[in-house]
Amino acid sequence: MSRSRRMEAARQDGIPLGRILGIPVVLAWSWFIIAAFVVIVFGPQVADLYPTLGPGAYGVAFAYAVLLAASVLIHELAHALSARRFGWPTTRIVLNLWGGHTQFENFAASPGRSLIVALAGPAANLVLALLGWGALQLVEPTGVANLLANILIWANFLVAAFNVLPGLPLDGGRIVESAVWRATGSQEKGTVAAGWSGRIIAVGIVAAVVLVPLVAGSQPGVVTVLVAVVMGGFLWLGASSAISNARMRLRLPEVSAGRLKHPAVGVLAGTSVHQVKRLIADRPGIDVVLTGPNGLPEAVVDHGALAAVPDSQADRTPANAVARALAPGAYVPEFAEGQELVQYLARLAGSEYAVMDRQGIVTGLLHQSVVVAAITGRRHPGIN
C-alpha cells in the first residue's frame, strides 16, 4: 500500500496524530466515546473537590481522559519499539475506545520474543508510575496540578496492573500463551489456553464487582457495574476471538485440496452430452470438467441441465451447452494444503475450482464453501 493510501485509510479510521519515532499514530473516532464517559463521570467529582472551577471542572476531567490516552500511547510505543528490536515491522498505533493497539505486519515470533514484546507495555507504564511517584516526593504541586499528577501516576499503575492479568486479549495472556507454546511447541494451543484464561478473568471481574457487594449486604454502584460489564464483555469477546482464530490455524494443516475435493474427471470441451451421460452412468456422482485443447479446465457440466437434454438430441448437443464456466485460472494442484491453499484460492475468482494432479490431469472439483467449512470447523456435506 502506498503512503497516500495509508494516510487516507488513517483519516477514515480517525485523526492522524503524526509519527513518533517513525511509527504512525491514529486517534480513532471511538476514543471520543470513552473521553465523553470520563468527562461525564469524573466532571462532577472534580467540581465537588474544587467548587471554584465551575465548568472548568469538566475541562480537568477531559484532561484526565487525555492523560489516560497518553498512558496508553506510552504502553503501545513500548510494544512497538521492543518489536522493532526483533525486526517486527509496525504498521501503526491506534488509540481507541478500548485503550489502544499496535498493528504489526507479518513476522516470525518465538515464545520468548512474544513474551518480551507483550510485557514491554505494562513495564513502561509501571516505570512511568514509579518515576511520577518519585517526582512527587521531591516536588509536591498543589490544586489541580496535584490532582492531575496523581491521576497520571495512578492511570499508569492501573494500566500496567490490568494488562498483566494472565489472559488474552491482555498482555499478561502472553505469559500463559508462551508457557504452553514452549511446552507443546504449538503457539495455537498456547493461544487457546490463554483465551480460556481471559474468559475466566472476564467472568471474575463482573462477579467481583457485582456479587461480592451483594454478598456483603450492599448494593454496587450503577457506574461501577456498567464499567465492569463493559470491561468484562470486551475481555470475553477478545478472548473468544483469539480462541476462534487459534483453532482455525490448528485446522489449517488438515485443509488440503486432495482431501476436500469432490471426484471429477476431465473431458475435452465439445464432447457430446451423450458421451458425458454414459461417463456419469459408469461413475455415478462424479463431476465432469470440460478442458480446452491445452488441457486446462474451462467449465463444469451442470447435472440438472445435462438431465434436461432429451436422449434424441444428446448426440448432437455439445457438453459446453450444459456447462457453467469456471473463472480464468480456477484450478489448483491437489497437493496444495494449509495456508498455501488458502492464499492460493484468495487470488482466484469464482467459488469452485478444478483440482489437478502433478501430471495436469483433472481429478476433482473443489468448492469454496467446503474449504471455508473445513477452516471454520463447521460441518459440510462435501467434507469426507
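The values are calculated or read from the model by the stated rules, or taken from the named source; none is laboratory data. Note that the structure is a prediction, hence the values are computed from the model and not measured. Neighbour counts run over all protein chains shown; Cβ positions are idealised from the backbone, glycine included. Side chains included, ligands, DNA and RNA excluded: accessible areas come from the protein's heavy atoms. Shrake-Rupley method; radii C 1.70, N 1.55, O 1.52, S 1.80 Å.
A few remarks follow.
- Potential lengthening between Thr142 and Ala36 on full extension [0.36 nm per residue; Cα-Cα distance subtracted]: 35.6 nm
- Computed from the C-beta positions of Asp357 and His274 and an R0 of 35 Å, the FRET efficiency is 0.80 to the nearest 0.05.
- Global form of segment 185-235, assessed from the alpha-carbon gyration tensor, a/c cut-off 1.5: oblate
- Counting only Cα atoms, segment 261-384 measures 48, 32, 22 Å along its principal axes, largest extent leading.
- Relative to one another, the C-alpha centroids of segment 34-89 and segment 205-248 are positioned 22 Å apart.
- Each of (i) 29.6, 102; (ii) 22.1, 66; (iii) 19.4, 60 is a candidate for Rg and Dmax of the Cα atoms in Å; the one calculated from this structure is (i).
- Normalised contact order of the chain, rounded percent, pairs of Cα under 8 Å and 6 or more residues apart: 10 percent
- Charge dipole magnitude, Cβ of K and R +1, D and E -1 - the chain, Cα centre, debye nearest 20: 380 debye
- Given charges at Cβ of Lys, Arg, Asp, Glu: segment 102-260 dipole, positive-most of Gly172, Leu260, Ala228: Leu260
- Helix 173-184 vs. the chain, principal-axis angle (Cα, 0 to 90°, nearest 10): 50 degrees
- Label zone at Gln368, where the point sits 7 Å out along the Cα-to-Cβ direction: segment 311-345 residues whose backbone N lies under 11 Å: 327, 345
- Each residue, Ala216 and His262, gets one label point 7 Å from its Cα in the Cβ direction; the gap between the two is 6.3 nm.
- DSSP-assigned coil residues among trypsin sites (Lys or Arg not before Pro) in segment 177-243, each with at most 11 further Cβ atoms within 10 Å: none
- Percent carbon-and-sulfur accessible area, the chain, ignoring ligands, DNA and RNA, probe 1.4 Å: 63 percent
- Separation in nanometres of the label points that stand 7 Å from Cα toward Cβ, at Ala135 and Phe62: 2.3 nm
- Rounded accessible area per residue of the chain, 1.4 Å, Å²: 53 Å²
- Computed on segment 66-146, the Cα convex hull volume stands at 97 Å³ per residue.
- Estimated inter-spin distance, Leu237 and Tyr344, nm [label 7 Å along Cα→Cβ]: 3.7 nm
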